[in-house]
Amino acid sequence: MWIYIARRLAQSIIVILGVTVLAFLTLHLAGDPTYLYVSERASEEEITDARQRLGFDRPLGEQYLRYIGGLLQGDFGTSLRARKPAIDLVLERLPATLELTFFALILSLTLAIPIGIISAMRRGTAVDGGVMLLAMLGQSIPGFWLGLMLVLFVGLQLRFLPISGHVPFLQPLLDGDINTALTNLPQTIRHLILPGITVGVFSLSRNARLVRSSMLEVLSLDYIQTARSKGLPERAVVLRHALRNALIPIVTLVGLEFGFLLSGVVIAETIFSWPGVGRLVFNAINQRDIPLVQTAVVLFSFMFVGLNLIVDLIYAQLDPRIRLN
């Protein structure tokens, strides 16, 4: 087991280093990054002075080592527009993004598992066909179009749910103000529903199909037939014997799903004016605030790799064949 953990840690470190290289190179894609830090009216002498002061006149390898050194010390650079540490700006918006991401993930999993099970148990029936049709539609609908339709019909015409705004839950919780967090929770959920559906519907559809196929595979195994031959109720066979093994692929998918949902919040946050990191990055790209974009990419990558490492370890615990191989 320890050999498996060491190997996965080494692989994670390699991935993180690769991400930092790509993030570092984005600053140099458009040419000399010095021009991002100086005024358009700056003279050649001022540009040369800024280039030397910022270290952009040094070899690229040396610049990268300085960049890594800054990351290890918590220095992710300074936002070109806000003139504040980029990491502070990202961390201010991170709780709102995590609320949306986890809501979409919970929505996806809590609906996909029973839907997939029911579809597998009714294989070949009209219920199964209808579920799979809806799943295909869910995977085919563009997120931006779904978000706009939800705003138009649910928000503007029916006026059933809010289409903008944010009532914080996670930030008060992190600050230790539990009473405020619990008071805000109902309104937080109301504001989360429409953007959460926009982000999570694709994952819901994909996970439902995955649960169905996994359940069908497990239900055909010999030990399930043995359990049925003993006279166990079908509900006990499904829930006690089949479901645990059928959900193993879902466990390892959660880490990938989290990263996928993080990338999808950019659209939802823009449509619903959600004050998260996705909207911050979208604005930073438009303003060419490269250090802020770098910081968000690196931080999300760290979170993604760390979560996948945890999921892999849980998966290896559930299925010993993984670590033995």
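The values are calculated or read from the model by the stated rules, or taken from the named source; none is laboratory data. Values in this document were obtained by computation on a predicted structure and should not be read as measured data. Using ideal geometry, Cβ is built from the backbone for each residue, glycine included, and neighbour counts are taken over all protein chains shown.
Observations
- Sole exception among (1) at pLDDT below 85; (2) at negative phi; (3) within 33 Å of the chain's Cα centre (by Cα) for ILE47, by number: (3)
- Set side by side, the residues SER263, SER229 differ, and just one is closer than 18 Å to VAL297 by Cβ and not basic (Lys, Arg), which is SER263.
- Any hit, the range 55-72, residues being under 29 Å from PRO172 (Cβ atoms) and either touching a residue at least 24 places away in the same chain (Cβ under 8 Å) or acidic (Asp, Glu) (or both): no
- Matching residues, the range 208-225, being free of Cβ contacts under 8 Å to residues at least 24 places away in the same chain and touching a His at 6+ places or on another chain (Cβ under 9 Å): TYR223, ILE224
- Residue in the range 289-300 that is assigned to a helix (DSSP H, G or I), surrounded by fewer than 19 Cβ atoms within 10 Å (Cβ to Cβ) and modelled with pLDDT under 85 present: no
- Listed here are the helices (runs of 4 or more DSSP H) enclosed by the range 168-270 that have at least 2 residues being at pLDDT 80 or above and touching a Pro at 6+ places or on another chain (Cβ under 8 Å): 170-174, 178-219.
- Among the residues of the range 271-288, those that are at pLDDT 85 or above, in a helix (DSSP H, G or I) and surrounded by fewer than 18 Cβ atoms within 10 Å (Cβ to Cβ) comprise PHE282, ASN283.
- The range 109-126 - residue that is modelled with pLDDT of 85 or more and surrounded by fewer than 16 Cβ atoms within 10 Å (Cβ to Cβ) and, of those, farthest from LEU216 (Cα to Cα): THR110
Residues checked against (1) in contact with a helix residue (DSSP H, G or I) (Cβ under 9 Å, 6 or more places away or on another chain); (2) buried (at least 19 other Cβ atoms within 10 Å of the Cβ):
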site	(1), (2)
PRO59	no, no
ILE68	yes, no
ASP75	yes, no
ALA82	yes, no
ALA86	yes, yes
LEU89	yes, yes
LEU94	yes, yes
THR101	yes, yes
ALA104	yes, yes
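- Apart from one condition, PHE56 fits all of (1) within 23 Å of PHE260 (Cα to Cα); (2) not assigned by TED's automatic domain parsing to the domain that holds SER263; (3) not small (Gly, Ala, Ser); the exception is (1).
- Only a single criterion out of (1) surrounded by 11 or more Cβ atoms within 10 Å (Cβ to Cβ); (2) without any contact (Cβ under 8 Å) to a residue 12 or more places away in the chain; (3) of a type in the set (S, T, N, Q); (4) within 28 Å of GLY278 (Cβ to Cβ) is not satisfied by THR48, namely (4).
- Qualifying residue in the range 129-146 (condition: assigned by TED's automatic domain parsing to the domain that holds ALA208, outside any helix (DSSP H, G or I), more than 25 Å from the chain's Cα centre (by Cα) and surrounded by fewer than 17 Cβ atoms within 10 Å (Cβ to Cβ)): no
- Hits in the range 116-142 - residues which are in contact (Cβ under 8 Å) with a residue 12 or more places away in the chain and of a type in the set (Lys, Arg): ARG123
- Pairs with Cβ under 7 Å, 6+ apart, first in the range 167-190 and over 15 Å from PHE103 (Cβ atoms) and assigned by TED's automatic domain parsing to the domain that holds ALA96, second of a type outside the set (A, V, I, L, M, F, W, C) and surrounded by fewer than 17 Cβ atoms within 10 Å (Cβ to Cβ): PRO172/THR180
- Selected residue [in contact with a Leu (Cβ under 8 Å, 6 or more places away or on another chain) and under 26 Å from MET132 (Cβ atoms)] from LEU253, LEU247: LEU253
- For ARG159, the test of being within 22 Å of the chain's Cα centre (by Cα), of a type in the set (D, E, K, R) and more than 27 Å from PRO249 (Cα to Cα) is failed.
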